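Shown next, in structure tokens, is the structure this report addresses.
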Amino acid sequence: MSKSFYGTVLSSPLMLGTAQYPSPDILRDAVRAARPGVVTVSLRRESAGERAGQAFWGLIQELGVPVLPNTAGCHTVKEAVTTAHMAREVFGTDWIKLEVIGELDTLQPDVFGLVEAARVLTEDGFKVFPYTTEDLVVAERLLAVGCEVLMPWGAPIGSGKGLNNVFGLRAMRAHFPDVPLVVDAGIGVPSHAAQALELGYDAVLINTAVAKAGDPALMAEAFRFAVQAGVLARTADPMEERDMAVPSTPVAGKALLA
Amino acid sequence: MQIVVNDEAHEVSAKTLAALIDELGYGGARVATAMDGSFVPVPYRARTVLRDGARIEIVAPMQGG
């Protein structure tokens with residue numbers, strides 16, 4: 001049973017970023033191949049002459065996929081809150097992927113600023129998708145200020161290292177069985193996405209893994225199938241790991257030939 | 001009046017943020033605005049008076065992860 005995100009059931013557990021593609025045409029092909037439930041978008045300064053943002057907005061409308069704006073690059077609560085307000089007006093949605101970056105080498109969230117920004121934005125009527133870590137105490141604080149979704153990192157943004165702390169992600173899943181959880185950041189290949197869904201995560205957010213692949217549209221298709229496999233596997237209830245071998249072929253009835 | 005738009009100095013005749021948007025050629029564009037670090041929603045642009053040295057941000061949809 002798919003969990004809803006602030007009352008909305010996504011058509012796919014794949015959330016796809018729109019940045020870093022070689023061209024708008026390749027982005028379009030990748031989105032069509034991935035069939036994501038949402039695409040993430042951002043805001044940047046607009047030049048009156050180039051109007052690059054207007055062309056991008058046209059492409060987003062053409063694709064017809066729900067958008068999740070982010071506050072990428074924000075390092076303070078004030079920056080993030082102001083950016084969220086601008087995004088709500090421009091994109092016409094009260095969903096916001098809240099990033100308050102705390103450290104440049106890892107781009108890990110400033111979880112203290114994150115909780116405060118989430119509190120302010122929730123009070124302002126936003127539906128906040130906080131980019132956080134797998135820390136359970138921070139997660140509790142985010143839920144306490146009104147977040148109904150949590151987005152822990154798998155690994156640092158853009159690193160492609162997959163699920164760095166499977167134990168922590170598993171603990172988070174077990175601790176918050178009813179909260180929609182999304183692995184955001186660090187996924188490098190489709191097997192990482194499948195693994196997140198096998199762990200019981202409700203969605204994955206991917207950007208660099210598709211955009212920086214040699215063939216982004218083909219990789220997008222691979223992720224589409226990977227998330228389907230992950231959901232099916234989770235539903236099918238995976239076997240438990242064992243430390244020792246157990247024969248899969250029946251021993252009974254084996255001929256005595258020694 | 002001299003103001004700063006997206007980190008570039010501009011000499012403008014506009015008196016309000018709404019007039020500035022038109023004067024700079026953003027008319028009809030899907031943009032959001034801030035003045036001196038504070039968000040200015042569309043309905044407030046016409047009554048937002050510019051002052052010399054104001055820092056204006058004009059942003060639009062962009063690719064994001």
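A short reminder: the numbers here are calculations on the coordinates, not readings from a lab. The structure displayed is predicted, hence computed values, not measured ones. Note: ideal-geometry Cβ built from the backbone for every residue, glycine included; neighbour counts use all protein chains shown.
A Cβ distance below 7 Å, combined with a sequence gap of six or more or placement on separate chains, defines the contacts here; from segment A:86-98, residues that are in contact (Cβ under 8 Å) with a residue 24 or more places away in the chain reach residues that are surrounded by fewer than 24 Cβ atoms within 10 Å (Cβ to Cβ) and among the acidic types (Asp, Glu) in the pairs A:ARG88/A:ASP94. Being more than 14 Å from the chain's Cα centre (by Cα) and in contact (Cβ under 8 Å) with a residue 24 or more places away in the chain is the filter here, so list the residues in segment A:200-224 that pass it. Passing the criteria: A:ALA211, A:LYS212, A:PRO216, A:ALA217, A:LEU218, A:MET219, A:ALA220, A:GLU221, A:ALA222.
Of all residues in segment B:6-65, those satisfying the criterion of being more than 10 Å from chain A (Cβ to nearest Cβ) and among the β-branched types (Val, Ile, Thr) are B:VAL12, B:THR16, B:THR48, B:VAL49, B:ILE56.
In segment B:11-24, the qualifying residues are those that are within 11 Å of the chain's Cα centre (by Cα) and among the small types (Gly, Ala, Ser), and the one that is farthest from A:TRP57 (Cα to Cα) is B:ALA14. Answer with yes or no whether A:LEU43 is under 18 Å from A:VAL183 (Cα atoms), in contact with a strand residue (DSSP E or B) (Cβ under 7 Å, 6 or more places away or on another chain) and touching a residue at least 40 places away in the same chain (Cβ under 8 Å). So A:LEU43 fails the test. Might you check whether a residue that is farther than 26 Å from A:ALA19 by Cα, surrounded by fewer than 23 Cβ atoms within 10 Å (Cβ to Cβ) and out of contact with any His (no Cβ under 8 Å at 6 or more places or on another chain) occurs anywhere in segment A:186-198? Yes, segment A:186-198 has at least one match.
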